[in-house]
Structure formats: C-alpha cells, structure tokens
1. Mind running the shape call on the stretch 33-182? Use the C-alpha gyration tensor, a ≥ b ≥ c as the square roots of the eigenvalues: rounded below 1.5 for a/c, prolate if a/b tops b/c, oblate otherwise.
2. With charges set only on the Cβ (+1 for Lys and Arg, -1 for Asp and Glu), what does the dipole of the stretch 3-196 come to about its Cα centre, in debye to the nearest 20?
3. Under a point spin-label approximation (7 Å from Cα along Cα-to-Cβ), what is the GLU20-SER154 distance to one decimal in nm?
4. Select from SER170, SER86, SER133 the residue whose mean-square fluctuation is largest in a Gaussian network model of the chain (Cα-Cα springs shorter than 10 Å).
5. What is the magnitude of the charge dipole of the stretch 91-171 about its Cα centre, with +1 placed on the Cβ of each Lys and Arg, -1 on the Cβ of each Asp and Glu, and no other charges, expressed in debye to the nearest 20?
6. Can you tell me how much longer the chain between GLU184 and ALA69 gets when fully stretched, taken as 0.36 nm per residue apart minus their C-alpha distance, in nm with one decimal?
7. Using the Cα centre as the reference, give the magnitude of the dipole from point charges on the C-beta atoms of the stretch 72-111 (Lys, Arg: +1; Asp, Glu: -1; all else neutral), rounded to the nearest 20 debye.
8. Given the Cα-Cα distance of SER113 and VAL47 and 0.36 nm per residue of separation, how much length would full extension add, in nm?
Amino acid sequence: MDALARLHSEILACRRCELEGLLPHPRPVAYGHMGARVMVIGQAPGVRTMIAGRPFSGPGGKLLRGWIARAGIPLEEQDRRVYFTSLTRCYPGKAPKGKGDRKPSAREVELCSPFLQREIELIDPVLVLLVGSMAIERFLGRMPLAEAVGQLFSRDGRWWLPLPHPSGVSRWLNHPEHRALVEEALERMRELLSSLGL
Ligand code: SF4
C-alpha cells in the first residue's frame with residue numbers, strides 16, 4: 001500500500017472525536033490521488049459528502065467545481081488534477097441555531113490537523129485554494145474575507161488563493177462587489193495555472 005492509501009486508511013478508521021465526546025458517530029471522508037498540483041482545503045464535509053464519501057459532493061461543491069472549471073481545470077479532469085480535502089474529515093452535524101452545518105470546534109480542527117499536514121506533505125501542491133474563512137485563517141491568519149478573496153499569497157514555497165465558502169447558506173456571495181472579488185480570484189488562478197503550465 002502506498003503512503004497516501006495508508007494515510008486514507010488511517011483517516012477512515014479515525015474515531016478521535018468520538019473518544020473525546022465531540023462527535024457521536026464519526027464517518028470520516030478521505031479521497032484523492034497522488035499527482036495533483038492543486039489542493040482545495042475546505043472547512044468540513046457536508047452531509048452529502050459524508051454519504052457519497054467524496055469531498056465537495058453537495059451543492060456548494062458543485063459551485064466550487066464550476067469556479068475551478070472556469071479558472072482552467074475542466075470538471076472531468078478535476079479528480080486527477082485537484083486534491084480536495086478539508087480541515088476536518090467528519091460531518092459536524094447541523095448548527096444548533098440557524099441554518100447550515102455546525103462549524104467544527106478548535107479542538108476538532110486540532111485533532112484532525114495531523115492528517116491534513118501529512119496530506120500537504122505527500123501531495124506537495126503548487127497552489128492551494130483555501131475555501132472559507134476558517135481555512136483562510138488557519139493558513140494565512142485572520143483577515144476580512146473581502147480583503148482576502150482576489151489576492152494571491154506566496155508562503156512556504158506555495159501559492160495560496162482564498163475563496164469564499166460556496167455554501168448556499170452564506171449571504172456573502174449575494175453582494176455584487178463580492179462576486180466581483182471571486183471573479184478576480186479566478187482570474188489570478190487562471191493566470192497562475194497558465195504561467196506555471198499546471
Ligand atoms: S474529524 Fe478528524 S480527528 Fe475527528 S474523528 Fe473525524 S477524522 Fe478523526
């Protein structure tokens with residue numbers, strides 16, 4: 001078994017959050033292939049992703065994959081060219097108040113972070129798309145979403161591109177000026193993919 005397959009087996013067998021009383025029935029998601037030069041890091045799986053066992057399988061994922069296609073990686077090539085993952089691997093359940101899913105706690109993110117770190121080391125992506133405020137803050141520090149989206153950051157020998165969470169629950173994308181920032185981000189990505197021949 002290769003290193004990535006071994007890591008996926010470890011993730012799929014993980015019950016750390018259950019042992020700490022943070023999740024009742026963890027069902028981790030781990031999926032992807034070696035050779036991708038682009039990595040997507042989101043927040044946590046949604047319920048459809050948990051059921052499908054493949055990252056970004058819900059409506060938000062459809063929107064995100066559409067953005068990536070418009071930036072230059074066709075849908076049918078994304079499985080091979082993009083490695084999709086997230087800060088935590090288990091569906092966190094519904095938010096106690098309001099709509100949408102609960103954000104994973106800081107402890108859940110800490111417990112899961114060794115998996116993500118090993119994935120980054122193994123995949124060694126040239127470009128990382130950080131999807132949503134939690135992923136952006138984790139790798140680039142806290143900043144308003146409107147200041148992060150549209151920028152391309154160079155850190156630790158990689159490029160980092162922030163994007164908003166594509167969830168239908170988020171109202172951020174309702175503002176035309178925010179949608180314009182997403183277009184700027186996609187243009188940055190398009191230019192980078194083209195200049196690096198990715
Ligand atoms: S979220 Fe991560 S650390 Fe927690 S049980 Fe799932 S795989 Fe394990």
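We did not get these values from a lab; they are worked out from the coordinates using the rules stated. Computed from a prediction, not measured in an experiment: that's the story for all the values here. Because the Cβ atoms are built from the backbone with ideal geometry, glycine has one as well, and the counts that use them run over all protein chains shown.
1. Here the stretch 33-182 falls in the rounded category.
2. Around 580 debye, computed over the stretch 3-196.
3. The answer from the label model is 3.6 nm.
4. SER170
5. Using only the charged Cβ atoms, the result is roughly 500 debye.
6. Stretched out fully, the GLU184 to ALA69 stretch lengthens by 39.9 nm.
7. 340 debye
8. Taking 0.36 nm per residue and subtracting the Cα distance, the gain is 21.7 nm.
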